[in-house]
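The structure under discussion appears below in the form of structure tokens.
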Amino acid sequence: MSESVPDVTPVNPRSPRDGKQPQPGRILFFDTTLRDGEQSPGCVMYGPEKLRMAHQIAALGVDILEAGFAIASEGDAESIRNIAREVGSSANAPVIASLARAKREDIEAAARSTEPAARPRIHTFLSTSDLHLAAKLKITRAQALDQIAEMVALARTYCGDVEFSPEDATRTDPDFLVRVCEVAIQAGATTLNLPDTVGYCLPQDYAGMFRMVRERVPGIENIVLSAHCHDDLGLAVANSIASIQAGVRQVECAVNGIGERAGNASLEELAAIFVTRRDQFPFRHNIVMNQLYPTSQMLATCISFGAAPNKAIVGANAFAHAAGIHQHGVIANPLTYEIMTPESVGVPHNSLVLGKHSGRRALEHRLIELGHRLSHAELDAVYHRFTELADRKKTIYDQDLIRLLKPEPKVSALA
Ligand code: MN
């Protein structure tokens, strides 16, 4: 990373009360691939895979890496600790965060597991919508405020960097949400994340909520405001960028948009928006753009699915021009139908078409472009599977190669 992130990044240099947009500054990328992403069906990862992904996500340039939910299991706590030690211990490494409910044992587990990191963060949360308070937590609003004050303050005794999230913020009574934000800031929260937990918001609603808290909460100009959006209505990225226009400076997101239910905001889409539409989003950020595709491909090898072919930025068809008119235009001038180049987001240029006539070197070259450097023996094994597949399939796509990295399950094991 080119610069370090202070515990509290100066944001919103103008007073929120002067009615103007915040000045351009820095957008912090908070990656939750290994926490919210990992807790969705088909996305379970074990220690070594998480560590491998964490190295890659750090290389991608994220500012904060949420490594897991320490209290959830011994395995989770151990894996956060390994990531904190092996990925997060250098001075320019990302902040390493653990999620924690607003409970003493959770916060203590989060503090223990992130302790080896140079810059640890405790991310604690409590539901604040009346629905969640009554149906899930069975506590009153007053009890919730007390719990927030006590647990955020406890977290601050372990860590100078504390993020608080009022879960289901977008369905929380606005007046109560203002109180919640005040209490969390007074107790020492340095980042305030207002999640659209159920993916219900429209962009203007989500932006309006942030404008409202910036207008009404004293001291909010001294903390980082954060967005956390879910894609239940396909609006996670739209809501995230609307919130940035309302003063948010941290976006929570995941590689390939994985996450609970329909997923979180997609990291690669947000990064590509900030680069391609700099005219509207003149912010600095640390994402290494040509690592987007290799990161997406690596995640596909760690979980049970890859990006859909029509997924923006990293899908197999994201830069494929099939229609004759489009092909003609792109050959004449790529700008006719491309708003960014495949190379800019790390998609290998397709100078090599892999098929049954391809050799070991061509296969090795493409695998390296995809971020996989194999040993001699591994390459032999993958090449053998490659030639078998090439006998059955005319063109071998990148996703086929990724699948070849994992041996197919033995049929006998299924019988
Ligand atoms: Mn979430």
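Multiplying the residue separation of His365 and Gln280 by 0.36 nm and removing their Cα-Cα distance gives an extension gain of 26.8 nm. The Stokes-Einstein estimate for the range 171-297, based on a Kirkwood radius over Cα pairs and taken at 37 °C with 0.692 mPa s viscosity, is a diffusion coefficient of 217 µm²/s. Give the angle, between 0 and 90 degrees and rounded to the nearest 10, that separates the Cα long axis of helix 236-245 from the longest principal axis of the Cα atoms of the chain. Helix 236-245 sits at roughly 50 degrees to that axis. Computed from backbone phi, the HN-Hα couplings of the range 41-55 come to x, x, 10, 4, 10, 9, x, x, 5, 5, 5, 4, 5, 4, 4 Hz, rounded to whole numbers (Karplus: 6.51 cos²θ - 1.76 cosθ + 1.60, θ = phi - 60°; Gly and Pro given as x).
How high is the relative contact order of the chain, given as a whole-number percent (alpha carbon pairs under 8 Å, six or more residues apart)?
Working: 785 pairs, mean separation 62.6, N = 415.
For the chain, the relative contact order is 15 percent.
Of the listed residues Glu388, Glu369, the order by accessible area with a 1.4 Å probe, largest first, is Glu388, Glu369.
Evaluated at q = 0.06, 0.09, 0.12, 0.13 Å⁻¹, a Debye calculation over the C-alpha positions of the chain (equal weights, vacuum) places log10 I(q)/I(0) at -0.26, -0.57, -0.96, -1.10. With a Förster radius of 30 Å applied to the beta-carbon distance between Asp391 and Thr341, the computed FRET efficiency rounds to 0.35. Each helix, a run of at least 4 DSSP H residues, gives -39500 (n - 2.57); summed and divided by the residues of the chain, these come to -12000 deg cm²/dmol at 222 nm.
Counting other Cβ atoms within 10 Å, keep those with at most 15, restrict to DSSP loop, and tell me which trypsin sites (Lys or Arg not before Pro) in the range 198-273 are left. Each step should come with its number before you reach the end.
Working: sites: Arg211, Arg214, Arg216, Arg249, Arg261; in loops: Arg249, Arg261.
Answer in residue order: Arg261.
A dipole drawn for the chain from +1 and -1 charges on Cβ atoms has a positive end, and of Leu335, Ala102, Pro407 the residue lying farthest that way is Leu335. Here the Karplus relation 6.51 cos²θ - 1.76 cosθ + 1.60, evaluated at θ = phi - 60°, turns the backbone of the range 104-110 into coupling constants of 4, 5, 5, 5, 5, 5, 5 Hz, with x for every Gly and Pro. Among residues other than Phe29 with Cβ under 13 Å from its Cβ, the summed charge is -3 (Lys and Arg +1, Asp and Glu -1). Relative to the longest principal axis of the Cα atoms of the chain, helix 203-216 runs at roughly 30 degrees.
Largest GNM mean-square fluctuation among Glu215, Glu252, Glu163, using the chain with Cα springs under 10 Å: Glu215.
Classify the range 55-94 as rounded, prolate or oblate from the Cα gyration tensor: take a ≥ b ≥ c as the square roots of its eigenvalues, call it rounded if a/c is under 1.5, otherwise prolate when a/b beats b/c and oblate if not. Numbers along the way, then the final one.
Values: a/c = 2.63, a/b = 1.95, b/c = 1.35.
Verdict is prolate for the range 55-94.
The values are calculated or read from the model by the stated rules, or taken from the named source; none is laboratory data. These numbers were taken from a predicted model, which means no experiment stands behind them. Cβ sites come from the backbone with ideal geometry, for glycine too, and all protein chains shown count toward neighbours. Each accessible area value is taken on the protein alone, full model and side chains, heavy atoms only, with ligands, DNA and RNA left out. Shrake-Rupley method; radii C 1.70, N 1.55, O 1.52, S 1.80 Å.
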